[in-house]
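Mind looking over this structure? Questions follow.
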Amino acid sequence: QMQLVESGGGLVQAGGSLRLSCAASGSILSANAMGWYRQAPGKQRELVATITGAGSTNYADSVKGRFTISRDNAKNTVYLQMNNLKPEDTAAYYCNAEANGLDYWGKGTLVTVSS
């Protein structure tokens, strides 16, 4: 079983940057893919970005060119670098891992972008 712990959220002004981290209790090499999702108040959880074990990435159209997902296999950590943040990026951000046919989720970290 894999446990995921997110960190790095906070309050930032529009145009600013944050880097989220997701630390996994197990080897992320065992995961087929890892990703970041977000859920704004009153909205459904949505995909932000994913990265496969081979390093292939996928992004939601709303964050392309602003967010970058990366992974450090040696540290069992996945990152989300968020630049040029907008108020509409305000949400709880969750780390996800797909491994052995199961989905694992962290408890989330809150990102608030002020205008």
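For the stretch 52-64, enumerate the residues that are assigned to a strand (DSSP E or B) and within 19 Å of Val111 (Cβ to Cβ).
Tyr59
Residues to consider are Lys75, Lys86; find the one that is open to solvent by 50 Å² or more (accessible area, probe 1.4 Å), in contact with a strand residue (DSSP E or B) (Cβ under 7 Å, 6 or more places away or on another chain) and either under 19 Å from Met2 (Cβ atoms) or of a type in the set (D, E, K, R) (or both).
Matching residue, one of Lys75, Lys86: Lys86.
Quick check on this structure: which one of Leu11, Leu80 is part of a strand (DSSP E or B), loosely packed, with under 14 Cβ neighbours inside 10 Å and either in contact (Cβ under 8 Å) with a residue 24 or more places away in the chain or in contact with a strand residue (DSSP E or B) (Cβ under 9 Å, 6 or more places away or on another chain) (or both)?
Of Leu11, Leu80, the one residue that is part of a strand (DSSP E or B), loosely packed, with under 14 Cβ neighbours inside 10 Å and either in contact (Cβ under 8 Å) with a residue 24 or more places away in the chain or in contact with a strand residue (DSSP E or B) (Cβ under 9 Å, 6 or more places away or on another chain) (or both) is Leu11.
Oh, and also: Need the failing condition index for Thr68 against (1) open to solvent by less than 60 Å² (accessible area, probe 1.4 Å); (2) over 18 Å from Trp105 (Cα atoms); (3) in a strand (DSSP E or B), just the number.
So the condition that Thr68 fails would be (1).
Among the numbered criteria (1) farther than 21 Å from Gln1 by Cα; (2) of a type in the set (Asp, Glu); (3) touching a residue at least 12 places away in the same chain (Cβ under 8 Å), which single criterion is violated by Asp61?
(3)
Just need a number here: residues in the stretch 30-60 that are open to solvent by 30 Å² or more (accessible area, probe 1.4 Å), hydrophobic (A, V, I, L, M, F, W, C) and within 15 Å of Asn73 (Cα to Cα).
Of the residues in the stretch 30-60, 1 are open to solvent by 30 Å² or more (accessible area, probe 1.4 Å), hydrophobic (A, V, I, L, M, F, W, C) and within 15 Å of Asn73 (Cα to Cα).
Among the residues of the stretch 14-29, write down those that are open to solvent by 60 Å² or more (accessible area, probe 1.4 Å) and either in contact with a helix residue (DSSP H, G or I) (Cβ under 7 Å, 6 or more places away or on another chain) or within 18 Å of Leu102 (Cβ to Cβ) (or both).
Ser25, Leu29
Given the criteria over 18 Å from Ser115 (Cβ atoms) and touching a residue at least 24 places away in the same chain (Cβ under 8 Å), does Leu18 qualify?
In short, no.
Need pairs with beta-carbon distance below 7 Å; first residue in a strand (DSSP E or B) and within the stretch 26-50, second open to solvent by less than 20 Å² (accessible area, probe 1.4 Å) and among the basic types (Lys, Arg); sequence gap 6+ or separate chains.
Close Cβ pairs (under 7 Å, with a partner that is open to solvent by less than 20 Å² (accessible area, probe 1.4 Å) and among the basic types (Lys, Arg)) amount to Glu46/Arg38; Val48/Arg38.
The values are calculated or read from the model by the stated rules, or taken from the named source; none is laboratory data. It should be emphasised that the depicted structure is a prediction, and the values quoted were computed from it without experimental measurement. Heads up, the Cβs are rebuilt from the backbone with ideal geometry, glycines too, and the neighbour counts pull from every protein chain shown. Heads up: the accessible areas ignore ligands, DNA and RNA and are worked out on the full protein's heavy atoms, side chains in. Shrake-Rupley method; radii C 1.70, N 1.55, O 1.52, S 1.80 Å.
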